[in-house]
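*Asks:* Let me give you the structure first, and then I'll get to my questions.
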Amino acid sequence: MGMLGAGKISLDGTKIKLNASVNQNKDADALKKEIDRILKESNEIDEAEIEMYGESRPHQIPKELVDKTKRLEKIQAAKKKLEEENLIKINVTDNDARIMKHKDGSTKPSYNGQVAVDDKEQVIVAADLVTDENNVHQVDPTIKNIWATLGYKPTILLSDVGYFSYDNLELLNREDIDAYIPDNFFEVEERGKSKRFRKSLFKFDEEKDCYYCPAGFVMPFTRIQKRPDEPYLKQYVCIHCSDCILKYACTKAEKRTISRDPREHLLEEMRGKLRTDEGKEIYQGRMSTVEPVFGQMKQNRGFREFLLYPGIHERRAR
């Protein structure tokens, strides 16, 4: 129908509440206490039935015992999942949901809805529902989802800071996708409202492996900072801070230290692209592509909460 463009696609996520109370989020101790309480009450009901009817008691199980049995099964299933997935808490009503923070500041049992939207007619070309509260791990699966739907990868990919990571930038480079994803501090850097000299004011010299501070002093490579499951950081320390008239605009510490990730050139290249007139225009298109889709879904159609039908496991929009 000609409703898709040339492959410029925007990603975004939104939190969607499920039909369950936050009070149903319990840790292992709370689950164990409730299991013990239900078993105790069930035994008491059972003993009362035997005392009242003896061995000739009615074949029909008392309603209160049936209800407790069903509740016990749900709690035991939740406890098993909590232990298997090493979770801190789990929602008894819906074991898959997670407590997530919404834009209004509230925390609710929710899912994170992901969409990829083509820029021409705001057509959703990939969608998913995930239990990760943040979006940083959704770039790779969404690209695969887009491929499965369309048969091709995006040519241009736009997303907000929630999708930024060095791993994602490396992935997008390998896939030859022209991405526009600002990092967490990009807007702060652009506004220039940081209290101290921001890192971007320090110039890196790759050949000499050093930084130059805003006052022009050399900051040589000094030491390595080890990080678990992450590349080591190189640290550059200025030894001239005590003599510098700009010290109090730069650091409260005795010496200013700059840390550098070995993949930081990817961040610098991304910032450079986003600062160009063309980059600004391309990235601005994200706000008129993916965000209106959530506006249509949540505001115009009222899709703000999932309904869970016990035994059917079918979620529908309220």
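*Asks:* In whole Å, what is the distance between the alpha-carbon centres of region 74-125 and region 148-215?
*Replies:* 28
*Asks:* While we're on this one: Under the Kirkwood approximation applied to all pairs of distinct alpha-carbon atoms, what is the hydrodynamic radius of region 97-239 in Å?
*Replies:* One decimal place: 18.5 Å for the Kirkwood radius.
*Asks:* Right, something else. Classify region 195-264: rounded, prolate or oblate, from the alpha-carbon gyration tensor (a ≥ b ≥ c, eigenvalue square roots; a/c under 1.5 rounded; otherwise prolate if a/b is larger than b/c)?
*Replies:* It comes out prolate by the Cα gyration axes.
*Asks:* What is the P(r) of the chain, as percent of Cα-Cα pairs per 10 Å bin from 0?
*Replies:* That works out to 5, 18, 22, 20, 16, 10, 5, 3, 1, 0, in percent per bin.
*Asks:* Would you mind classifying region 161-303 by shape? Square roots of the alpha carbon gyration tensor eigenvalues, ordered a ≥ b ≥ c; an a/c under 1.5 is rounded, otherwise it is prolate if a/b is larger than b/c and oblate if not.
*Replies:* prolate
*Asks:* My understanding is that a pair violates if its Cα-Cα distance is over 31 Å; which of LYS108/LYS153; LYS199/LYS280; LYS89/LYS280 do that in this structure?
*Replies:* LYS108/LYS153; LYS89/LYS280
*Asks:* Separation between the LEU307 and ASN19 pseudo-spin-labels, each 7 Å from Cα along Cα→Cβ, expressed in nm?
*Replies:* Placing both labels 7 Å along Cα→Cβ, they lie 0.5 nm apart.
*Asks:* Select from ALA215, GLY302, ALA126 the residue farthest towards the positive end of the dipole of the chain; place +1 on Cβ of Lys and Arg, -1 on Cβ of Asp and Glu, and compute about the Cα centre.
*Replies:* Highest projection toward the positive end goes to ALA215.
*Asks:* Can you give me the pair-distance distribution of region 113-169, C-alpha pairs, 10 Å bins, whole percents?
*Replies:* Answer for region 113-169: a P(r) of 21, 59, 19, 0 percent.
*Asks:* Which value in nm describes the separation of the simple spin-label points at LYS101 and THR155, placed 7 Å from the Cα toward the beta carbon?
*Replies:* Going from the LYS101 label point to the THR155 one covers 3.9 nm.
*Asks:* Continuing with the same structure: What's the angle, to the nearest 10 degrees (0 to 90), between helix 264-275's Cα axis and the longest principal axis of the chain?
*Replies:* Tilt of helix 264-275: around 80 degrees.
*Asks:* Also, I was wondering about something else. Report the FRET efficiency, 1/(1 + (r/R0)^6), for LYS298 and LEU233, where r is their Cβ-Cβ distance and R0 is 41 Å, rounded to 0.05.
*Replies:* About 0.55, to the nearest 0.05.
*Asks:* Could you go through region 198-204 in sequence order and give the Karplus-derived ³J(HN,Hα) for each residue, using 6.51 cos²θ - 1.76 cosθ + 1.60 with θ = phi - 60°, rounded to whole Hz, and x for Gly and Pro?
*Replies:* Result, rounded to whole Hz: 6, 4, 5, 7, 8, 8, 8.
*Asks:* Another question, if that's okay. Assuming 0.36 nm per residue, please report the length gained on full extension of the stretch SER288 to LYS208 beyond their Cα-Cα distance.
*Replies:* 24.4 nm
*Asks:* Using Cα-Cα distances under 8 Å and only pairs 6 or more residues apart, what relative contact order does the chain have, in percent?
*Replies:* Worked out over the chain, it gives 18 percent.
*Asks:* Let me ask something additional. About the Cα centre, and with charges only on the beta carbon of Lys, Arg (+1) and Asp, Glu (-1), how big is the dipole of the chain? Nearest 20 debye, please.
*Replies:* 1100
*Asks:* Given charges of +1 on the Cβ of Lys and Arg and -1 on the Cβ of Asp and Glu, with all other atoms neutral, how large is the dipole of region 173-318 about its Cα centre, in debye to the nearest 20?
*Replies:* 860
Computed from the coordinates by the stated procedures, all read-outs in this text should not be read as laboratory data. Bear in mind the structure is a predicted one, so any value in this text is a computation, not a measurement. Every residue, glycine among them, receives a Cβ derived from its backbone with ideal geometry; neighbour counts consider all protein chains shown.
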